Amino acid sequence: MNAAPLSAALLCAVLALPGCKIVPNPDPEAVAEANLTDAERMANWVETNWEPKVLPAVDEHTVAWADYASALQGGLEAVGQAYGMRPDEKASQYFFFVSGAGTVVTTKLESRAAQIGLDMDADGKEDIVLQLGPIVRGTALRDALPFVNFTDFRDQIEFAKLGRALNDRATANLPKLSDDIMGRKVTFTAVFGQKSATEKPLGVPLSIKAEGQ
């Protein structure tokens, strides 16, 4: 039997198979990404952007506490215009990256929402509260970053997970403060939102160092 007609016949038989098509193997990385939860995906986003984008933005916009406090005497708009961040112009508050040093006058270290309060002007009163985590209130770090836009994310749920992931990353490597921290000097860089000049800042620290530790 002639080989050419046989080959042609086989080709016709193959082409006649209904619904037959070549399906490429799925990309393993794409499959893994699709199977992540919102929290896992946002944690990955934070790790990817922390060093190249988040920390440089913090460095660029951090102001000394003394300068912030001086400008605050003129009201929220004055300090906001001078040093504040408000990526969303419709936001009801300004956000500030501030660095300084204060004396610990209040503590709440046993709670999962651990905090310390600092006296920044030597009057014995608490001027700023720093949240040590692991539970952190608010989304100040997310909302202060100028390159983070809600429209870049799928929905409000994903955006909320981003705020949590940023807080978790900010407080993850903070040093554990000793129980006798009261009265010690603490140096910090933190971010907080403020809606009025009289509102006490509730900060998320990005770095913190206690005297003698």
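What to note about this one:
- Amide H contacts under 5 Å for THR107: GLY117, restricted to partners 5 or more places along the chain or on a different chain, H placed in the peptide plane at 1.01 Å from N.
- Normalised Debye scattering of region 111-161 at q = 0.29 Å⁻¹ gives log10 I(q)/I(0) of -1.06, counting only Cα atoms as equal scatterers and leaving out solvent.
- Measure of compaction for region 124-213 (Cα Rg per 2.2 N^0.38 Å): 1.21
- Annotation: amide H of LEU206 within the under-5 Å range of THR189, ALA190, VAL191, sequence separation 5 or more or interchain, hydrogens built in the peptide plane.
- Hz values of 3J(HN,Hα) by residue in region 117-130 - Karplus curve (6.51, -1.76, 1.60), Gly and Pro given as x: x, 10, 8, 9, 10, 6, 9, x, 10, 6, 10, 8, 10, 10
- Near the amide H of THR62, within less than 5 Å, lie no amide hydrogens of residues on another chain or at least 5 residues away, with H placed in the peptide plane.
- Label zone at VAL105, where the point sits 7 Å out along the Cα-to-Cβ direction: region 64-86 residues whose backbone N lies under 17 Å: 65-66, 69-70
- Along each principal axis, taking the top coordinate minus the bottom one, the Cα set of region 25-210 gives 67, 39, 24 Å in descending order.
- On full extension, the segment bounded by ALA78 and ALA64 gains 3.5 nm, given 0.36 nm per residue less the C-alpha separation.
- Karplus 3J(HN,Hα) series, Hz, for region 172-185 with 6.51 cos²θ - 1.76 cosθ + 1.60 (x for Gly, Pro): 4, 9, 5, x, 6, 7, 6, 5, 9, 6, 4, x, 8, 7
- Listed by chain and number, the aspartates and glutamates whose C-alpha is less than 15 Å from the C-alpha of LYS53, apart from same-chain residues fewer than 8 away, are ASP143.
- Relative contact order %, region 99-200, counting alpha carbon pairs below 8 Å whose residues are six or more apart: 33 percent
- Projected onto its three principal axes, the C-alpha set of region 53-163 covers 46, 37, 25 Å, listed from the longest axis down.
A short reminder: the numbers here are calculations on the coordinates, not readings from a lab. Because the structure is a prediction, the values reported are computed rather than measured. In this analysis, Cβ positions are derived from the backbone assuming ideal geometry, glycine residues included, and neighbour counts consider all displayed protein chains.
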